[in-house]
Amino acid sequence: MDNEAPDWKFPFVDPATIKRAVVICHRNADADSYLSAYAISALLRSVSRGCEVDLATPEGMTVLTAKLAEKFPHRVTEVAAGTYDLYVAVDVGDAELLKGWKGVMQLGRGTRLLVDHHPLRDGSLYDRVVVDELATSAAEVVFGLFEASGVKPDRTTAQALLEAIMFDSSHLAIATGSGLRAVVKLLDLGAEIQEAKKDLRSEPDYGEVLAKLKGAQRLKIYKLGEWVMATTLVGSFQAHVARSLVFLGADVAAVGGETDGETRVSLRSTQRFAERTGIQLGTQVAEDVGKSNGGHGGGHATAASLTAAVGEEEAMKIIAKKLSELVGSMPSEID
Ligand SMILES: [Mn+2]
């Protein structure tokens, strides 16, 4: 090999060597993960003509993502078929969320990339990582790859990126300057905000409605110093229920449930709680509690989740204890 190898842009290897690639979402792909993967596939096929790209969704996708996948169609595979020259994991956070694809990537001969906006905890699976923790969506990072490559996304790809950014930024409410700049450029490329809002609207899901109302019925309220913590148990939709409890006024919410022989817990807090206490739910609570109880965990400052090998009641006690240690105040239950 020539010592003065050219400085390849994305995918950071000679594109001519890539005949077959796979872009992998996190388990139960959400809109940001799927649409970012959809756009990466378009970028790959434009820098490596004739390259065949699979899009992988380990354990399927959410209801909204399935609807978006009809508008932004791509060949999707849940499990690996054959070998790949390139693996691109997108929006995954913890590599465990790649499920069976983690092992496939470890054994595969292809180049392994990560494109993400979650804090990187362990990059050992990848040959190269492109992570921007300040981005509110993986799609912003993907758009950055288009710009660095000098490739203009077509109108459909620009629309997909806009919808992913809007999905992950609460319709731009929490978008940062760089996110908004990306949005303006996508609009210039033909993407439309109204169309995005319409596409991201989802029909109420009966199971989700019941989970939220049952979660409210079983609610426990605690005072942690000056903060209000809400906890509850539901069999599914833990993340939706946790978000609803914060919407109702809790400073921090923990929602657990036992599914498929493991306990899953979703954590949410307000921005105000994160800023005043300095508590990062992803690294300081979810990762710590998950790891020390036979599971995994991770996420962002105000939104995180974990799995644990202890019962749901026990998991909630451990989380309450962890949060009270971090806040520096014993929990007192309000009835
Ligand atoms: Mn995301």
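Read the figures in this text as sums done on the coordinates, not as results from a lab. Because the structure is predicted, anything quoted here is derived from the model rather than measured. Every residue, glycine as well, gets a Cβ built from its backbone with ideal geometry; the counts of neighbours run over all protein chains shown.
Could you give log10 I(q)/I(0) at q = 0.12, 0.20, 0.22 Å⁻¹ for segment 9-130, computed by the Debye formula over C-alpha point scatterers of equal weight, without solvent?
Log10 I(q)/I(0), no solvent term: -0.37, -1.10, -1.34.
Through the Karplus equation 6.51 cos²θ - 1.76 cosθ + 1.60, θ set to phi - 60°, convert the phi angles of segment 298-304 into ³J(HN,Hα) values in whole Hz; use x for Gly and Pro.
x, x, 9, 4, 10, 8, 8
Summing -39500 (n - 2.57) over the DSSP H runs of n ≥ 4 in the chain and dividing by its residue number, what mean residue ellipticity at 222 nm do you reach, to the nearest 500 deg cm²/dmol? Mind showing how you got there, number by number?
Details: 12 runs with 131 residues, N = 335.
Result for the chain: -12000 deg cm²/dmol, rounded to the nearest 500.
Is the shape of the chain best called rounded, prolate or oblate, per the rule: a/c under 1.5 gives rounded, else a/b larger than b/c gives prolate, else oblate, with a ≥ b ≥ c the square roots of the Cα gyration tensor eigenvalues? All intermediate terms of the calculation are to be shown ahead of the outcome.
On the way: a/c = 1.95, a/b = 1.66, b/c = 1.17.
In terms of gyration-tensor shape, prolate.
Just how large is the dipole of segment 207-334 about the Cα centre, in debye to the nearest 20, putting +1 at every Lys and Arg Cβ and -1 at every Asp and Glu Cβ? Walk me through the numbers before you get to the answer.
On the way: 14 positive and 14 negative charges, 67 e Å.
Dipole of segment 207-334, to the nearest 20 debye: 320 debye.
Please arrange C51, C25 by how many other C-beta atoms lie within 10 Å of their C-beta, fewest to most. Write out the running numbers ahead of the final one.
Numbers: C51 20, C25 31.
The most exposed by this proxy come first: C51, C25.
Order these by the 10 Å Cβ neighbour count, fewest first: K198, K291. It would help to have the intermediate numbers written out before the result.
Numbers: K198 10, K291 14.
Listing K198, K291 from fewest to most nearby Cβ atoms yields K198, K291.
Per residue, what volume in Å³ does the Cα convex hull of segment 104-246 take up? Don't skip to the end; give the middle numbers.
Working: hull volume 25.8 nm³, N = 143.
In segment 104-246, the Cα convex hull volume per residue is 180 Å³.
Name the residue from L326, Q159, L55 whose Cα lies farthest towards the positive end of the charge dipole of the chain, charges +1 on Cβ of Lys and Arg and -1 on Cβ of Asp and Glu.
Final value for the positive-end residue is Q159.
Tell me which of V92, A175, S124 sits at the most positive position along the dipole axis of the chain, charges placed on C-beta atoms (Lys, Arg +1; Asp, Glu -1).
A175
May I ask you to list the GluC sites (Glu not before Pro) in segment 33-92 that are in a DSSP loop and have at most 10 other Cβ atoms within 10 Å of their Cβ?
Values: sites: E52, E59, E70, E78; in loops: E59, E78.
Taking segment 33-92 and a limit of 10 other Cβ atoms within 10 Å, no loop GluC sites (Glu not before Pro) are found.
Mind computing the radius of gyration and Dmax over the alpha-carbon atoms of segment 207-334? Å is fine for both.
Values for segment 207-334 (Cα only, Rg and Dmax): 12.9, 37 Å.
List the GluC sites (Glu not before Pro) within segment 203-283 that fall in a DSSP loop (any state other than H, G, I, E or B) and whose Cβ has at most 12 other Cβ atoms within 10 Å. Provide the component values of the computation, followed by the final result.
On the way: sites: E208, E226, E258, E262, E275; in loops: E226.
Those that pass, being in a loop and sparsely packed, are E226.
Give me, ordered by chain and number, the residues 5 or more places off T176 or on other chains with an amide H under 5 Å from its own placed amide H.
T136
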